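Heads up, the thing below is written out as structure tokens.
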Amino acid sequence: MEQEEKQTPQETSASASEPHDTAPAHIPIEKFSARQLLELDACTRCGECANWCPAYDQDSREPLTPRGRARLFKDILSRQHGVFRAGSLLGKLLGKKPVSPDEMRAFAKDLYACSTCMQCHYVCPVRIDTVELWEKIRECIVDCGFGPLDSQKDLVLKTKNYDNPWGQPRSSRSRWTKVAKKKKRITEEPKDILKSKSPVLYFVGCTASYDNNVEEVGINTTNIFQAAGVDFGILGVKERCCGSVLLRMGDRPSFVSICTQNIEQFNGLGITTLVTSCAGCLKTIREDYPKIGSLNFKVQHTIEFILDLIKEGKLTFTRDVPLTVTYHDPCHLGRHAGVFDAPRRLLQMIPGLRIIEMERNREYSRCCGAGGGLKSGYPDMQNRISQKRIDDALATGASELVSACPFCYQGLQIGIQAKNAPIRMRDITELVCMALGIETGAAGGNAAGDE
Amino acid sequence: MYDNYLYFPATAALYTLSVVTVLVLLAGVIASTTLWMKGKAPSLHHPLNAPAIIKAFVLECLLQVQILRISVVRWLMHFCIFIGFLGLFAQTALMAFMSHFVPPDTFIAKTFFVSPESRLGGAGARVLDMWGDVFGLLLLIGLAIAIIRRYVLRLPQLETLLKDTLSLTFLTVIALTGFLCEGLRLTDPAYADVARYSFVGNLLAALLKNIGWSAASYQAWVWTHAVISLAFCAYIPFSKAWHIFVSPLEIVLDASERA
């Protein structure tokens, strides 16, 4: 984690930008859909979201709840754009006051105290499409100059300047393949897909590419694909960030730019399938990209792809893995992309593996707090959220905590270390490698107590 | 035109109040929808999916199974208020429509409604008597649960704003004054043979008689009930009750998008 702290900009203060001393710019209401504006009225304020929100669980202030956020934003919109807006005759009659910069600043600060985990959508009796709404509001707050938070701006800038949120040079994106080859962790480096024209693109993602603690994900995935004889390649130094960070932070123009470039690049490869081990990348490419442009290939998470390989008889588990594990559903893979059964099916196929579900699982899985900019904006809160998830895992008695997302891996590792918890963090690909008899070297995934 | 069995003539004052109510309600609806229509981004990314919409409407808007999954008490509360409000609104709307548009000498009018010749009306009027009591009682049960959860138990998940209190107050007063009107009407001996069909009103009539209330104040209470009901209708688009119309729309749109 030491290296991650160096790579990841983590500031303890969370303050919204301060661009205005006078009345703030109006929210560009036209950027919303009619349905999103209707959703602000559809909220019945029943408070079910407050019961489940991981951020509110750590900081019990009403503006942090999805309910409170919707109400405050409706108030801002009404005072700026409504029939009873401040300054209009009707507004004056009702004593409506203009929205002050301080109000906008406070709203923006609380708006980013959200991991966009989508739990609120799943428990909302009215089915409000919350995360789409929060991301659109963030976009407008950025337009008005109040977002993202100072501590999150670095992520956005680095993504724009270096094509990765960690601010690492583009040239070192595929360094992990060379190191792994040198250490004989992989038999051969993945092919450069621009030359090999392979039908399958393994999109490694920024976290697995640059974070040494999580590079095992890339190594294990490579070994699995090579063991199955998959004709695949990677983009190497030509791979860009999927843009998830930009979208979640509200910098939509930059997201559209990177997304458009990626779509053009991917479509031009002639691939049939894009496979990624990162839940965030999967959600962004599979769910968000098609809203910008069409894709001429299938997008799968590694888990789904491996299941297909097993079905086709290209992979067979030969070794017992005598471990007791519990599986953490990454928000972007589960609630966002609807992939709940595939990881469980894969784990059940591994011989000797014992799986115990946490009390909160599948649609109700507790978020690790790492997503949506929460980790960079509110690192202390993310730490506490992660610790609660570790408590969930410890309650099962499992010795291993398994997930399928490098970002969750990072986020949960924070909780394990903070609690010095006797549980080992593993990516699901590591267990697959073990069952295939492939050597793994997950030193970075050890339980805190082992390190 | 003839008196309905509530003895409540549609006077010019009532028409005026009704028109004002409709105008305020429309103004509120226009204020909200105007704001919605300022959003220019596409609302839907997929074609509307009729089966998903119908399924969500039946299961989640009418039966509200998603609330049942969370809590039986909450479902009972919401379902009682929803069905009670809807039942009473339908009864009032039906009677208003019939008294204006169904000729008094028709079979339907003779069966369901009173006339100057038949003060008690036909057999159908008893169905309407029971209808009002059943739905009024359901509404009161739901409101009682809501009031206990919000003001007695003070459940942490509930944030109480003025608009919550106003909506609950309106509905409670409407339900109580409705039953009071019926109780007062049934204190009149002319209704003795049919009073049992209005099982709640009949019980209330007995209590009212004991404290010396009679049908003499009936007209005043009916006016009170009508004015408060109309005021609530006008308040709907500005109130929490606006979700009665908006939330189902969001439920079916989301179901269609995710199908």
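For this structure, a couple of remarks:
- Between A:K136, A:K158, the distinction of being within 13 Å of chain B (Cβ to nearest Cβ) and within 27 Å of A:S257 (Cβ to Cβ) belongs to A:K136 only.
- With respect to the conditions (1) within 23 Å of A:P406 (Cα to Cα); (2) at pLDDT below 95, A:P190 falls short on a single one, namely (2).
- Summed over the stretch A:173-192, residues that are more than 17 Å from A:D163 (Cβ to Cβ), outside any loop (DSSP other than H, G, I, E, B) and out of contact with any helix residue (DSSP H, G or I) (no Cβ under 6 Å at 6 or more places or on another chain) total 6.
- Residue within the stretch B:176-191 that is more than 30 Å from B:L59 (Cβ to Cβ), acidic (D, E) and touching a Leu at 6+ places or on another chain (Cβ under 8 Å) present: yes
- The stretch A:330-386 - residue that is surrounded by 22 or more Cβ atoms within 10 Å (Cβ to Cβ) and among the polar types (S, T, N, Q) and, of those, farthest from A:I428 (Cα to Cα): A:S376
- Among residues of the stretch B:174-203 being open to solvent by 50 Å² or more (accessible area, probe 1.4 Å) and in a helix (DSSP H, G or I), the one that is farthest from B:S71 (Cα to Cα) is B:P189.
- Residue list for the stretch A:28-75, restricted to those being facing chain B (nearest Cβ under 7 Å), within 24 Å of the chain's Cα centre (by Cα), part of a helix (DSSP H, G or I) and of a type in the set (A, V, I, L, M, F, W, C): A:A50
- Selection count, the stretch A:296-329, where residues are within 22 Å of A:P199 (Cβ to Cβ), open to solvent by 40 Å² or more (accessible area, probe 1.4 Å) and charged (D, E, K, R): 5
- In the stretch A:76-89, of all residues being within 21 Å of B:L162 (Cα to Cα) and open to solvent by 60 Å² or more (accessible area, probe 1.4 Å), the one that is farthest from the other protein chains (Cβ to nearest Cβ) corresponds to A:R85.
- Within the stretch A:104-119, the set of residues being of a type in the set (A, V, I, L, M) and open to solvent by 20 Å² or more (accessible area, probe 1.4 Å) comprises A:A106 only.
- Among the candidates A:N220, A:N164, the residue that is in contact (Cβ under 8 Å) with a residue 40 or more places away in the chain and assigned to a loop (DSSP other than H, G, I, E, B) is uniquely A:N164.
- Enumeration of residues in the stretch B:141-165 that are of a type outside the set (V, I, T), assigned to a helix (DSSP H, G or I) and more than 8 Å from chain A (Cβ to nearest Cβ): B:G142, B:L143, B:A144, B:A146, B:R149, B:R150, B:Y151, B:L162, B:K163
The values are calculated or read from the model by the stated rules, or taken from the named source; none is laboratory data. Everything quoted here is computed from the prediction, not taken from an experiment. So basically every Cβ, Gly included, is an ideal-geometry build from the backbone, and we count neighbours across all protein chains shown. Calculation scope for accessible area: heavy atoms of the full protein, side chains included, ligands and nucleic acids excluded. Shrake-Rupley method; radii C 1.70, N 1.55, O 1.52, S 1.80 Å.
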